Amino acid sequence: MKLFLSSAVSVLALTIAGCGNSVEVPSDNVDKMVEAASPSSDQVTVQDAKEFLENAEQEKSVLNEYQARVDWVNNNFITEDTNWLAAKASEQASLLDTRLANEAKQFNDLSLPEDMRRKMDGLKRASNFPAPERQGAAKELSEIMTGLNAAYGTGKFEYKGEMITLTEASDIIAESDDPEELKAIWEGWRTISVPMKDDYARMVEIVNEGSQELGYADAGALWRGGYDMDADEFIAETNRLWEQVKPLYDQLHCNVRAELNEKYGNEVVPLDEPIRADLLGNMWAQQWGNVYETVAPEGAAEGVDTTKLLEDNDYDALKMVQTAEKFFTSMGFEPLPETFYERSLITKPEDREVVCHASAWDIDEKDDIRIKMCTKVNGEDFSTVHHELGHNFYQRAYKNQPVFYRNGANDGFHEAIGDMVALSITPEYLVKIGLLDESEVPGEDADLALLMRQAMDKVAFVPFGLMVDQWRWKVFSGELTPANYNEGWWELREEYQGVKPPAPRPADAFDPGAKYHIPGNTPYMRYFLAHILQFQFHKAACDAVGFEGPLHRCSVYGNQEVGEKFNAMLEMGASKPWPDALEAFTGSREMDGSAILEYFEPLQSYLEEQNENRTCGW
Ligand code: X8Z
Ligand code: ZN
């Protein structure tokens, strides 16, 4: 089973089901290797390793489908009992992962064909949250992780005498421009995570112990080891990518702060300080699109308001999903199976507790793919629907890979697929699908507006995408202890994003826990990488069709040639190091921020002009 993203439990078992699938070990020279086993391998042979991997794949297939189904029910219907079941399934998965990872160690010194070595390495990182071998550890870990996920999913707080959910609170953060109200809602949501802190700290101890048993310094090192490069090199790589994008972010920040200052005054938005995080239209200030109107370039022609178009055309959640599906099929991908529509959850049920955070699921690693989303009819969720379907189409493209390779080339690829497709939602595309009238297509003079809207989500996100796991890396390494979890979080928020809380935080606050992926235990650097990769993919696709205009005007809707090339990358799954997959589609072996810079180039010039007489920075 593989889902993107969702519950704690799912993350425990990182590899994959495919019950009944025959197990392939696509090495053509295993037999030769058996004869020529290295001298250090006098106890175990390559044949032993081959059999071990075959059995491991079978075992994981069976358990993962079971766990996926239990998890699906738990995330769609959070109760005492489904939490109990999910914790049990997670414990079983965790025990299996730990056993297999430890058994794999016996082959450490054996010279293996590259493909088998890759699978062995993958096995050691099968879980991002490994339990240690000692009795009771997997149970304790699974119970904590399931509990954290459920606590987030059911979180509510009192506002004006009523208990409100994240969905309701988010609407207020998106729409209100009353600083007092925004502050109250922002602080209110953060009360739900206060009780998580002790469990979180205990979980960190357990997964560090498990990671150390696997030979990693801590769980952060285990996570950083998943990118076909040295863990330290990966840190340098993320910093390099950030340095590329930072000048653009700094300009955007400077302009947004100045516009918010005009709106709210010096008291609320001082011009030399980080921006108050509750004023940016999003509960975590991770995407700022909801305050676009405040920063809309003056005098520039209007862009396109997708929310309004969807509303005016009577779109509902189902139609949004079908429209996104059509984008993929227009590129030559097979339509989604009927079961997708029968089994997915696409609107928020009123009668039960669900985890509303959007996710894509692969229940059996064959055809039972689904999404779970409390979809609202707006532009943001229209993009998210494409994001989720990107996961599903990727899952289906690599379903014929061996079990251990049914995954993204790296996790950033998985997050970038649907986003790349959504970059093709241009005005011209909206005309093609009947959402916009030909006469309403904004001219070149609206490019600034289009780019500003996009930057408020995509550029604003980049430092947030980077800092979340920088925080977790520090937590895992012990550089941050429970006593300074929260200060450490806000130091990074300030350093990278230039945002600050609306008021000093209480001593017991655990603000990281109010962001889904912390209690949901989903690594986050994947989204940072995806924000670089999606533009790289988009540029490669546009180059492939010979598009000559500005990148943000390019749409690859209906282009089967691009679809074929795209599919060639997707169907590789994780069978090869990610630079091979990247090269297959883009011709380059390096992740590179120059495509996002090229996309926003006209905006960058505008921002620099706007900021000319301003003091930027914080
Ligand atoms: O969690 C998600 C997706 C599911 S994989 C909806 N995203 C991150 C977030 O919401 O924080 C997509 C963008 C970043
Ligand atoms: Zn995703």
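The values are calculated or read from the model by the stated rules, or taken from the named source; none is laboratory data. A quick note: this is a predicted structure, and the numbers were derived from the prediction, not measured. Neighbour counts are summed over all protein chains in view; Cβ atoms, including those assigned to glycine, are modelled from backbone coordinates with ideal geometry.
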Pairs only if they're at least six apart or on different chains, beta carbon under 9 angstrom, first in segment 456-474 and farther than 22 Å from Ser594 by Cβ, second of a type in the set (Lys, Arg) and away from ligand 2 (no atom under 16 Å from the Cβ); list them, first residue then second.
Met467/Arg493; Asp469/Arg224; Trp471/Arg493; Trp473/Arg224
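Which one of these is touching a residue at least 12 places away in the same chain (Cβ under 8 Å), under 30 Å from Ser94 (Cα atoms) and not acidic (Asp, Glu): Trp189, Trp223, Trp242, Trp284?
Trp223
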Taking Glu380 as the residue in question, decide whether it is away from ligand 2 (no atom under 16 Å from the Cβ) and either crowded, with 24+ Cβ neighbours inside 10 Å or of a type outside the set (Ser, Thr, Tyr) (or both).
no
Condition test on Glu334, is it exposed (fewer than 14 other Cβ atoms within 10 Å of the Cβ) and either within 16 Å of ligand 2 (Cβ to nearest atom) or assigned to a loop (DSSP other than H, G, I, E, B) (or both)?
yes
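Counting just the residues of segment 350-377 that are within 16 Å of ligand 2 (Cβ to nearest atom) and of a type in the set (D, E, K, R), which one comes out surrounded by the fewest Cβ atoms within 10 Å (Cβ to Cβ)?
Lys372
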Give segment 151-186 a look and list any residue that's hydrophobic (A, V, I, L, M, F, W, C) and under 27 Å from the mean Cα position of the chain (by Cα), or say none.
Ala151, Phe157, Ile164, Leu166, Ala169, Ile172, Ile173, Ala174, Leu182, Ile185, Trp186
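Scan segment 394-406 for residues that are within 12 Å of ligand 2 (Cβ to nearest atom) and of a type in the set (Ser, Thr, Tyr) and report the count.
Within segment 394-406, residues that are within 12 Å of ligand 2 (Cβ to nearest atom) and of a type in the set (Ser, Thr, Tyr) number 1.
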Among helices (runs of 4 or more DSSP H) entirely within segment 555-618, at least 3 residues that are closer than 25 Å to Asn392 by Cα occur in 560-570, 578-586
Within the bounds of segment 469-477, is there any residue that is more than 16 Å from ligand 1 (Cβ to nearest atom) and closer than 25 Å to Leu279 by Cβ?
no
If we only count helices (runs of 4 or more DSSP H) wholly inside segment 175-237, which ones have 3 or more residues that are at pLDDT 95 or above, of a type in the set (Gly, Ala, Ser) and touching a Pro at 6+ places or on another chain (Cβ under 8 Å)?
197-213
Go through segment 297-324 and report how many residues are in a helix (DSSP H, G or I) and more than 30 Å from the chain's Cα centre (by Cα).
1
Check Ala449, Ala514, Ala530 and return the single one that is within 14 Å of ligand 1 (Cβ to nearest atom), in contact with an Asp or Glu (Cβ under 8 Å, 6 or more places away or on another chain) and in contact (Cβ under 8 Å) with a residue 24 or more places away in the chain.
Ala530
Filtering segment 520-551 down to residues that are crowded, with 22+ Cβ neighbours inside 10 Å and either aromatic (Phe, Trp, Tyr) or within 19 Å of Val431 (Cβ to Cβ) (or both), which residue is nearest to ligand 2 (Cβ to nearest atom)?
Tyr527
Is it fair to say His391 is in a loop (DSSP other than H, G, I, E, B) and within 12 Å of ligand 2 (Cβ to nearest atom)?
no
Among the numbered criteria (1) buried (at least 23 other Cβ atoms within 10 Å of the Cβ); (2) within 12 Å of ligand 1 (Cβ to nearest atom), which single criterion is violated by Met420?
(2)
Select, from Leu450, Leu430, the only residue that is under 30 Å from Glu302 (Cβ atoms), more than 23 Å from the chain's Cα centre (by Cα), surrounded by 22 or more Cβ atoms within 10 Å (Cβ to Cβ) and of a type in the set (A, V, I, L, M).
Leu450
